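J.: For reference, the structure I am asking about is given below.
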Amino acid sequence: MIRVALIGLALAAALPAAGCMGTVATLREGRIAGAGLDVVEGEPAVPPALASDPRVVWSPHIGGHSPDAITAMVRKVRANLDAHFAGHPVLSPVPG
C-alpha cells in the first residue's frame, strides 16, 4: 500500500477502520502486505504496533519537495504577500 495523504484520510476500501489503528489491523489481518508512510495522524505519537512493524517503511516528510512543488509554493507565497500588501484578502488564509 502506498499512502499519499494523512493516515486518517485513508482509502475506505483499503482501511475500513480510520486512522493508525486501522492500518495496524489491516496489516495484522493480512489484507495488505505492507505500508509506506511519511505522515501519521496524531504525530509524534505513533502506536507501537505500527512503529515496530517490519512491513512498514517510514519516510521523512519529502512528498512536497519536488522542483515543481517548491515552485508552486513560492508562487503561492508571493501571491499571498502581494495581495496582503495591496490591501486585498490573501488567497489562502490560515483559519484561526
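J.: Spin-label point model (7 Å from Cα, Cβ direction): what's the ALA25 to ALA79 distance in nm?
T.: 4.0 nm
J.: A further question follows. Determine, for each peptide in 75-86, 27-38, the mean count of other beta carbons within 10 angstrom over its residues, then list the peptides with the highest first.
T.: Top of the packing list down: 27-38, 75-86.
Quick note: the coordinates plus some simple rules give every number you see, no bench work behind them. Since we're looking at a predicted model, the values are computed, not measured. Methodologically, a virtual Cβ is constructed for each residue, glycine included, from the backbone with ideal geometry; neighbour enumeration extends over all protein chains shown.
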